[in-house]
Amino acid sequence: MPFLDLPRVIVGRVLIHLSELHGAATHLAVVAIPVYLLVLLARWVGMGGATMRLVQPWVEAAAVVGVLLAGVTGLLVWGQAQTTLRGSAFRLGTLHFWLGIGLSAVVIVSVGWQHWHRRQGRRHTYRAFVAPAVVAVVAVLVQGYVGGRMTYQHAVGIYDGGQLQASATGATQLELALASGTSPATAGKQAFSAQGLGCARCHGDLAQGERGPRLAGGVELEEFRGVHGHGLFPQAIVSDRDFRAIDAWLRTLPRG
C-alpha cells in the first residue's frame, strides 16, 4: 500500500466503525423522547410536582443529545446507504434520512421553546408542547421500522454487509458462467443485470448512469473496490476475476 494512502485508509476505517455507534445514539433518543412525552403529560395534568420539575431538564437534555448524536452518526450510515441500497430500495434510505431531520427539528425546537419560556420566567401550560412530543414519538416509531428494514433486510451500516444472498448468488452465477466457457464480456453483461449482481438497478441497463454514475467504457478496479469494497461487493464475495468480466462488458460500451 502506498504510504500516502495510509491516512485515507485509516480515516475510512474509523468512519466505518463510528457509524456503528448510530445504534447506541438512536437508542438514547428512542428512550428519551417517549419519556419526554410522559413528563409533559404529567406536568400538564399537575402530577409529580417538584420531582417532575427536577427530572424534566435531564430528560430534555437526553432527547436533544440523542437526536444530535443519531444525526451525526446517521450521516455516516447515509453515506454507506449510497453504495448498499440498490435501485428503488434507496427510497428507504431517503425516507429514513428525512424522518430523522424532521424528528431532530421537532425535538430541538420544542425543547428550546420551553427553555426560552423558563429563562423568561414565563408561566405556561404544557398542552402546547404535548402535540410536538406526540409527533416526535410517532416519527421515532416510523423511523425505527424503516431503519430496521434497512439494517436487517439490506445490511446498511453493517461492515462488509455486502455478504448477503443477492451478492453471493450473483457472484456464484457469474463464476459458473465463466467456468462453463462463457466469454468474460457475455458473463459480465449477465452479472451486471438486475437479475445478476444488480448493478443495473443503480447504473442503468447499459451502464449509462442513473442514481449511480455512468460506467460505460470501463472502470478501474481500485475505484470499484473503493466504492463497494465494504458495501455490496467485498472481495470475499466478488473476486478480481469477477470484476474483470464485468469490466470486459463495460468496455464494449461507448464511453461518451
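Here are the numbers for this structure:
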| item | result |
| --- | --- |
| Candidates G256, G170 - the one that is part of a loop (DSSP other than H, G, I, E, B) and not assigned by TED's automatic domain parsing to the domain that holds R86 | G256 |
| Some residue of segment 78-85 being surrounded by 20 or more Cβ atoms within 10 Å (Cβ to Cβ), outside any helix (DSSP H, G or I) and in contact (Cβ under 8 Å) with a residue 60 or more places away in the chain | yes |
| The one condition in (1) surrounded by 17 or more Cβ atoms within 10 Å (Cβ to Cβ); (2) at pLDDT 95 or above that T186 fails to fulfil | (1) |
| Meets criteria (in contact (Cβ under 8 Å) with a residue 60 or more places away in the chain, of a type outside the set (D, E, K, R) and closer than 20 Å to A81 by Cα) for G161 | yes |
| L40 vs. criteria closer than 30 Å to Q163 by Cβ and modelled with pLDDT of 80 or more | no |
| Candidates R241, R201, filtered to the one that is of a type outside the set (S, T, N, Q), out of contact with any strand residue (DSSP E or B) (no Cβ under 9 Å at 6 or more places or on another chain), part of a helix (DSSP H, G or I) and farther than 22 Å from T94 by Cα | R241 |
| First in segment 119-148 and over 25 Å from T94 (Cβ atoms) and among the charged types (D, E, K, R), second anywhere and surrounded by 12 or more Cβ atoms within 10 Å (Cβ to Cβ) and at pLDDT 80 or above, Cβ under 7 Å, 6 or more apart | R127/W44 |
| Any chance G46 is part of a loop (DSSP other than H, G, I, E, B) and either hydroxyl-bearing (S, T, Y) or over 30 Å from L197 (Cβ atoms) (or both) | yes |
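The values are calculated or read from the model by the stated rules, or taken from the named source; none is laboratory data. If you're wondering where the values come from, they're calculated on a predicted model, not measured in any experiment. Cβ coordinates were reconstructed from backbone atoms using ideal geometry, including for glycine residues, and neighbour counts include every protein chain displayed.
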